[in-house]
Amino acid sequence: MATLTNSTALRRKARRERLRTLGFLSPWLVGFSVFFGYPLIATVYFSFMHYNQIEAPTFVGLRNWRYVLEQMPLFGPALWNTLWLVVVMVALRVVFGLGIGLLVTRIKSGVGFFRTAFYLPYLAPPVAATVAFVFLLNPGTGPVNDILGKVGIDAPNWFNDPAWAKPSLVLLSLWGIGDLMVIFMAALLDVPRDQYEAAELDGAGAFHKFRYVTWPSITPIVMFAVVTGVVQTMQYYTQALVAGKLASGVSIGPGTVIQPGYPDHSTLTVPQLVYSLGFQNFNTGAACVLSLVLFAIAMAVTTLLMRRRAGLLSAED
């Protein structure tokens, strides 16, 4: 009898502990279910439906998938532009942010000024920053081309040239590098000073100190910057849409339907195509298919980075 009583008491205690744990997890579980789980399930459901957001959805099988993957002419350019931006923009932002962080942490005077100067562009709203940048790079009236012309350099057409539109977006992202600068500055200032002193005693130069002291200490932060950069760039929408529309010179008014991707679909990204299909053409099924394709690519790239670490972490880690 005593053994049975003890067993019952242990089961009740374990049940209370499980309920207590579930109570602590409930805010996350509710948020995950409402803001991720349900939208993902709904997206998968509507990808097999014909739904124009007015009439009731009807099942069409794989018709939306075949349309997106085989018949949609803009899917290929949008996917290529998105992946191009992921590779080039993320890599340059990480390198540039780390370089600025190294520069600022080694400046002896005027540190506050340089920190503020590099961080301020990041605080500008994306639309305002894009408008200002398009004005600066305007081929006809922008000051950048005027300066380049005065020094004898043939200035490109920037956002009006399909070959320069994506590099111009990269320059815009580098202009607002303040977020990565702050992250890398914190990581660099956290590297133990005694390790630098030991390296100097061993005769290590600047390169070897960075390779064997700084890099192993900041590689987790570099990994964080790469993964978050990939996820953010996969969702790249506002800057590309605003830059293309301003460069095209088309006035935007009430009821204006914006066709993204100017010039010649060179700035068209998958998120822009999702918005155009879902909220301008009311083709919710195809938009959901595009969303799932983008989600699958983002998950695959992130998983690859996390598992193989993309050469960013040292073998000792």
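The values are calculated or read from the model by the stated rules, or taken from the named source; none is laboratory data. Keep in mind the model is a prediction, meaning the values are calculated, not measured. Here the Cβ is made from the backbone with ideal geometry for all residues, glycine too, and neighbour counts use every protein chain on show. In case anyone asks, the SASA skips ligands and DNA or RNA and just uses the protein heavy atoms, side chains included. Shrake-Rupley method; radii C 1.70, N 1.55, O 1.52, S 1.80 Å.
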Checklist entry - Picking from V144, V104, which residue would you name as being in contact with a Lys or Arg (Cβ under 8 Å, 6 or more places away or on another chain), part of a helix (DSSP H, G or I) and of a type in the set (A, V, I, L, M)? => result V104
Next on the checklist: Out of A186, A225, I need the residue that is modelled with pLDDT of 90 or more, open to solvent by less than 20 Å² (accessible area, probe 1.4 Å) and either β-branched (V, I, T) or within 25 Å of I100 (Cβ to Cβ) (or both). Which one?
Outcome noted: A225
Checklist entry - Within segment 39-55, can you find the residues that are under 23 Å from the mean Cα position of the chain (by Cα) and not β-branched (V, I, T)? => result P39, L40
Checklist entry - In segment 259-298, what count of residues is obtained for those that are under 27 Å from A247 (Cα atoms), assigned to a helix (DSSP H, G or I) and hydrophobic (A, V, I, L, M, F, W, C)? => result 8
Checklist entry - Which residues, taken from segment 44-93, are β-branched (V, I, T) and assigned to a loop (DSSP other than H, G, I, E, B)? => result I54, V60
Next on the checklist: Against the definition (at pLDDT 90 or above and either among the aliphatic types (A, V, I, L, M) or open to solvent by less than 60 Å² (accessible area, probe 1.4 Å) (or both)), how does G23 come out, yes or no?
Outcome noted: no
Checklist outcome for this item: Cβ pairs under 7 Å, 6+ apart or interchain, first in segment 156-168 and among the charged types (D, E, K, R), second open to solvent by 40 Å² or more (accessible area, probe 1.4 Å), ordered by first then second residue, are K166/W84
Checklist outcome for this item: Checked against (1) closer than 23 Å to T228 by Cα; (2) under 20 Å from the mean Cα position of the chain (by Cα), L189 satisfies every condition except (2)
Checklist entry - What are the residues in segment 189-202 that are open to solvent by 60 Å² or more (accessible area, probe 1.4 Å) and either more than 27 Å from P121 (Cβ to Cβ) or acidic (D, E) (or both), if any? => result D190, R193, D194, Q195, E197, E200, L201, D202
Checklist entry - Does segment 164-178 contain at least one residue that is under 29 Å from L246 (Cβ atoms), at pLDDT 90 or above, open to solvent by 50 Å² or more (accessible area, probe 1.4 Å) and touching a helix residue (DSSP H, G or I) at 6+ places or on another chain (Cβ under 6 Å)? => result yes
Checklist entry - Does segment 106-120 include one or more residues that are under 23 Å from T233 (Cα atoms) and surrounded by fewer than 13 Cβ atoms within 10 Å (Cβ to Cβ)? => result yes
Checklist entry - If R12 satisfies every condition in (1) open to solvent by less than 100 Å² (accessible area, probe 1.4 Å); (2) part of a helix (DSSP H, G or I) but one, which is the exception? => result (1)
